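Chemist: Have a look at this one before I ask anything.
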Amino acid sequence: MRHFLDFEKPIADLEGKIAELRHLSDGQINIADEVGKLEEKVERQLRQTYGRLTAWQKVQVARHPGRPKCGDYVSALIADFVPLAGDRLYAEDAALVAGLGRFQGRAVAVLGHEKGKDTESRIAHNFGMARPEGYRKAQRVMDLANRFDLPLLSFVDTSGAYPGVGAEERGQSEAIARSIQSCLSLTVPFVSVIIGEGGSGGAIAIATANTVLMLEHAVYSVISPEGCASILWRDGEKAQDAAEALKITAQDLIALKLIDGVIKEPLGGAQRDPAAAVRSVGQAVGESLKEFNGMDGAALKAHRREKFAALGTAGLV
């Protein structure tokens, strides 16, 4: 069963009629023409709906349970993937996937947040919210990437770093800061893709890259709309207003020059055709990596540092 969001009700109704027609057909009645007309209506409705999504609706799409997760991208794009576990200090963190493999025939290091697809896997992966050991594992993999001259790819999808007491006791903020420092110290090409939610420091800890890409309906923000609303208005019901004010959509962020590119999603979002979305991401990442061919380590490091140092300075004297 396809999961429909609240604003997709007209689409759900049309697809329900199509399913009903197909179920009632006994093979003697030709329903092809009627189904074809309904399918055309569905496509029109999808184009109209997804062509004018509000920021809050994009948040809902970014959180859609049917969107491809980090594991889907890794299994489809990374051949011979070998997962690496543990931070060699405290524990393994299943919220942050790490490993080595081959992307388009080239050896790479990989990082990514994994949210999980069902209740059991979501709990196992802590809903994609990494603890300090996850970010220290990321640092370990970045060190390996530097040592063996491996380009780094990251897939970001988290509401934020885990805010639990244990995580804070073990140095969550320090682990995130060190992870960002490791990103900035890399001497290899680094491409990051926001595939769903990019939440706060938990996201940027593995997204301080030479090239930062976002899927068309992904979101990227310093805080969730709900968190922002509870702080500014003391009212979680103001989340929609917060989403608009935060400028969290890919379209907002490319206009503000805070990201480097937007990857188009299939009509109706990545959740309607995950395989096509994964292919688009693979193509965009491959093209981004080619841009850094021939650049030495010092130039790659300088490119990354200068890029982030310049954020927010456009138009300033």
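The values are calculated or read from the model by the stated rules, or taken from the named source; none is laboratory data. All of these numbers come straight from a predicted model, not from anything done at the bench. Note that we place each Cβ from the backbone using ideal geometry, even for glycine, and neighbour counts take in every protein chain shown.
Chemist: Pick from Val191, Val156: which is over 13 Å from Leu96 (Cβ atoms) and either assigned to a strand (DSSP E or B) or free of Cβ contacts under 8 Å to residues at least 12 places away in the same chain (or both)? If you could, list the steps in order and put the result at the bottom.
Modeler: Numbers: Val156 fails: over 13 Å from Leu96 (Cβ atoms).
From the options Val191, Val156, the qualifying one is Val191.
Chemist: Still on this structure, I have one more. For Leu311, all conditions in the list (1) part of a loop (DSSP other than H, G, I, E, B); (2) within 28 Å of Val74 (Cβ to Cβ); (3) aliphatic (A, V, I, L, M) hold save one; what is the number of the exception?
Modeler: Failing condition for Leu311: (2).
Chemist: To continue, here is another question. Just give me the residues in the stretch 108-128 being surrounded by 22 or more Cβ atoms within 10 Å (Cβ to Cβ), in a loop (DSSP other than H, G, I, E, B) and touching a helix residue (DSSP H, G or I) at 6+ places or on another chain (Cβ under 7 Å), in sequence order. Write out each step before concluding.
Modeler: Here is the first cut: in the stretch 108-128, the residues surrounded by 22 or more Cβ atoms within 10 Å (Cβ to Cβ) are 108-115, 125-126, 128.
Then drop every residue that is not in a loop (DSSP other than H, G, I, E, B), which leaves 114-115, 125.
Correct list: Glu114, Lys115.
Chemist: Looking at (1) free of Cβ contacts under 8 Å to residues at least 60 places away in the same chain; (2) of a type in the set (Val, Ile, Thr); (3) assigned to a strand (DSSP E or B), which is the only condition Ile254 fails?
Modeler: Every condition holds for Ile254 apart from (3).
Chemist: Inspect the stretch 261-280 for any residue being out of contact with any Phe, Trp or Tyr (no Cβ under 7 Å at 6 or more places or on another chain) and either assigned by TED's automatic domain parsing to the domain that holds Arg44 or more than 26 Å from Gly71 (Cβ to Cβ) (or both) and give the result as yes or no.
Modeler: Among the residues of the stretch 261-280, not one is out of contact with any Phe, Trp or Tyr (no Cβ under 7 Å at 6 or more places or on another chain) and either assigned by TED's automatic domain parsing to the domain that holds Arg44 or more than 26 Å from Gly71 (Cβ to Cβ) (or both), which makes the answer no.
Chemist: Would a scan of the stretch 29-38 turn up a residue that is crowded, with 17+ Cβ neighbours inside 10 Å, assigned to a loop (DSSP other than H, G, I, E, B) and either modelled with pLDDT of 90 or more or not hydroxyl-bearing (Ser, Thr, Tyr) (or both)?
Modeler: no
Chemist: Would you be able to tell me the number of residues in the stretch 194-236 that are buried (at least 24 other Cβ atoms within 10 Å of the Cβ), of a type in the set (Val, Ile, Thr) and outside any loop (DSSP other than H, G, I, E, B)?
Modeler: The qualifying residues number 4.
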